[in-house]
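Take a look at the structure set out below.
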Amino acid sequence: MIDFVKNKQEFEDYRSRFLRLFNSDKEIENNIFNNELKYYLAFDFDYIFDNSFFDTLVMFLISIKSEKIIFYTINPSPENYFLSFNKYNVFSFSTSTDFNEFEDILYKEPDNNVIDSIGYSSNDIALFSSNSDEWAIAGSRDLEVAIIGFKTQDMKEYFSSFFTSFNPCLPIKEYIKDLDDSIGFNENQWTYYNRIIDSYTE
């Protein structure tokens, strides 16, 4: 059964893994990935919580022999979340986990208030493997974008091959253009999206 991380040492182990793949001093719009993850695709943040995306991600992970996946909330910080709820807004799951289990913990109420669940309260999040440095995902709810970084172009293409009917993952410029066409960015919003375009260059 999936559960939140409550043990400090376990959290520190996951944080160490996070810091191997991400630069904690950077915001998502300024390229939060380490230098080795340099090939990118973008998709709608909400797809992280989508059944079909979850199933596709799991198939990909099984194929590359990822043992465990870590869901790591960047903002609000796990340390602050722990102070409020005596648990970290971080958990792990295996490729044998089904979507219902995944969804249950996303909306599990830490204090009998669903608003504080990860599914509602998480703004910036990351997903990554416990044993592979080949890929990682960072997402921003406010910016309505998730970005998956890959170590190689071949791995990027291999991941895309798992979407047989509809592929929500696009080149970053193309995704941002589609998002602008959908909602119409104002000048302030373009400041952030231009940072994404400039920062995530291959």
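What follows draws every value from the coordinates through simple rules; no lab data is involved. Given the structure is predicted, the values throughout are model-derived calculations rather than measurements. Cβ placement follows ideal geometry from the backbone for every residue including glycine, while neighbour counts extend to all protein chains displayed.
Observations, loosely collected:
- Given Lys6/Lys68; Lys87/Lys173; Lys26/Lys87; Lys38/Lys87, the pairs whose alpha carbons are separated by over 28 Å: Lys87/Lys173; Lys38/Lys87
- Over all distinct Cα-Cα pairs of segment 85-199, the Kirkwood formula returns a hydrodynamic radius of 16.6 Å.
- Fewest-first sequence of Ser16, Ser84 by Cβ atoms within 10 Å of each Cβ: Ser16, Ser84
- Extension gain, Asp198 back to Asp180 (0.36 nm per residue minus Cα-Cα distance, nm): 4.8 nm
- Whole-Hz couplings from phi, Karplus 6.51/-1.76/1.60, listed for segment 173-185; x for Gly and Pro: 4, 5, 4, 5, 4, 4, 5, 5, 4, 7, 10, x, 6
- Per residue of the chain, the DSSP helices (runs of n ≥ 4 H) give a summed -39500 (n - 2.57) that works out to -11500 deg cm²/dmol at 222 nm.
- Debye equation applied to the C-alpha atoms of segment 30-113, log10 I(q)/I(0) at 0.22 Å⁻¹: -1.30
- Inter-label distance, Phe99 to Tyr120: 2.2 nm, where each label sits 7 Å from its Cα along the C-beta direction.
- Ellipsoid fit via the Cα gyration tensor, the chain: semi-axes of 25, 20, 17 Å, each the root of five times an eigenvalue, largest first.
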